[in-house]
Amino acid sequence: MESTARAPGRVNLIGEHTDYNGGLCLPIAIPAGTTAHARPRPDGRYRVSSTMPGAEPWEGSLDDAAPGRIDGWAAYAAGTLWALRELDVAVPALEIAVDADVPPGSGLSSSASLEAAVAVAATVGRVPLDVLVSACRLAENDVVGAPTGGLDQTAVLHARVGHALLVDFANGDEPAISEVAFDPADAGLDLVVIDTRVRHAHADGGYGDRRAECERAAHILQARPLGALTTGELASRDTGAQHLDGVARRRARHVVREVERVRDAVDTLAHHDWAAFGLLMTASHHSLRDDFEVSCDELDVAVDAALAAGALGARMTGGGFGGCAIALVPRDHTPRLRRAISGAFAARTWQRPDFRRGSPAAGARLISGDDQVR
Ligand code: ADP
Ligand code: MG
């Protein structure tokens, strides 16, 4: 049966680099995303194609899409089909065409959006979301080889309109998810997503380095996972024979405080205290800049210009090393904020930043192809 699925990109409101540390994060899905159209093939083979410039179509068997046997963009798409089979989900031979309006490598999780759209289209919406999340994670980690946590796949598959998801990774592979009402528009606020146009690839080294540094800190502190420590526990363990070196201490401090910020952020949302929520966003950015060291000049300038233009809070979002920042701003100030950031970038002869609104959108869903469209 032919089917079409749509999966969103995501913005993480707060809780960065906490997923693989067993901590908390708070993502929303965004309106931009990926559409995948699947059509059965009579010859037992699989084909994936994309409208992304430079993405060559790929064709082969599922064995050809196993880890180590496939690379480039097709590892995300065909790798998801391979991963579904690994999890005992029968996937018939298919031709899958994808089209996306979420820019790749910008921190809006084009990769998970692609994986999720492929997974939902290939399974015609008939497989539980948890299994699809596992398949998408398996594709990204094992087939692509990007050492990301499970935040992105959980967010794009489970998201709900008008809500953020509080995702707790204390249980690693089986995160606990709860929905948190998130409606800045109702409070007269815009969540502005600022694309610095600086591109990263999480299959590259920086992300993996941070992961290894966190593992080292967790090992020294005998804290499994690192994200389960309180700031008090961190201070009391980081002494004597167990004490951390400077790098490990900064990484651990970010993770532990960031988890506490997520908890506080959920509290501020419950009380509609947007000013306090904004302060937590900005504190998160400073921690990612100074302690976790995954920001860059463009992200820092965007955040500083946003705050100077009246944002309640601003921070980089996603893994870092480029990509997007987000700013929470009274709607009246949005044009001024955009002008301020564009001006700051122009003054440095950087590429023109791109802006979009980050309204909380729905998770991945089947658009057509079954009687039961979700
Ligand atoms: P992010 O997920 O933040 O956008 P990643 O580095 O995790 O960045 O993933 C980007 C990669 O995902 C791209 O380099 C490309 O290989 C793949 N990708 C994402 N979207 C598409 C698409 N629409 N078509 C083909 N490949 C895509
Ligand atoms: Mg990604």
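For every residue, the table says whether it meets (1) hydrophobic (A, V, I, L, M, F, W, C); (2) closer than 18 Å to residue 296 by Cβ.
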{"residue": "323", "(1), (2)": "no, yes"}
{"residue": "330", "(1), (2)": "no, no"}
{"residue": "336", "(1), (2)": "no, no"}
{"residue": "341", "(1), (2)": "yes, yes"}
{"residue": "350", "(1), (2)": "yes, yes"}
{"residue": "355", "(1), (2)": "yes, no"}
{"residue": "358", "(1), (2)": "no, no"}
{"residue": "366", "(1), (2)": "yes, no"}
Within region 60-88, restricting to residues that are surrounded by 24 or more Cβ atoms within 10 Å (Cβ to Cβ) and among the hydroxyl-bearing types (Ser, Thr, Tyr), the one that is farthest from the chain's Cα centre (by Cα) is 80
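Checking the condition touching a residue at least 60 places away in the same chain (Cβ under 8 Å) and over 20 Å from residue 15 (Cα atoms), which residue from 210, 197, 224 passes?
197
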With criteria (1) among the aliphatic types (A, V, I, L, M); (2) open to solvent by less than 10 Å² (accessible area, probe 1.4 Å); (3) within 11 Å of ligand 2 (Cβ to nearest atom), residue 121 comes up short on (3)
Original post:
Within region 148-162, is there a residue that is surrounded by fewer than 22 Cβ atoms within 10 Å (Cβ to Cβ) and touching a His at 6+ places or on another chain (Cβ under 9 Å)?
Top reply: no
query: Is it fair to say residue 146 is assigned by TED's automatic domain parsing to the domain that holds residue 42 and over 20 Å from residue 167 (Cβ atoms)?
result: no
By residue number, the members of region 227-250 that are open to solvent by less than 40 Å² (accessible area, probe 1.4 Å) and in contact (Cβ under 8 Å) with a residue 24 or more places away in the chain are 227, 229, 244, 248
Scanning region 100-121 residue by residue, the ones that are near ligand 1 (Cβ under 7 Å from one of its atoms) and more than 17 Å from the chain's Cα centre (by Cα) total 0
Selection over region 10-59 where residues are among the hydroxyl-bearing types (Ser, Thr, Tyr) and open to solvent by less than 10 Å² (accessible area, probe 1.4 Å) yields a count of 2
Restricting region 338-365 to residues that are more than 25 Å from residue 292 (Cβ to Cβ) and assigned to a helix (DSSP H, G or I), the one most open to solvent (accessible area, probe 1.4 Å) turns out to be 339
- Message: When you scan region 164-173, do you find a residue that is open to solvent by 40 Å² or more (accessible area, probe 1.4 Å) and either within 16 Å of ligand 1 (Cβ to nearest atom) or not assigned by TED's automatic domain parsing to the domain that holds residue 16 (or both), even just one?
- Response: no
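Filter region 308-331 down to the residues that are part of a strand (DSSP E or B) and within 16 Å of ligand 2 (Cβ to nearest atom), then identify the one that is farthest from residue 287 (Cα to Cα).
Checked region 308-331; the qualifying residue farthest from residue 287 (Cα to Cα) is 324.
The values are calculated or read from the model by the stated rules, or taken from the named source; none is laboratory data. Treat the numbers as computed from the prediction; the structure is a model and nothing was measured. Every residue, glycine as well, gets a Cβ built from its backbone with ideal geometry; the counts of neighbours run over all protein chains shown. Only protein heavy atoms, including side chains, enter the accessible area calculation; ligands, DNA and RNA are left aside. Shrake-Rupley method; radii C 1.70, N 1.55, O 1.52, S 1.80 Å.
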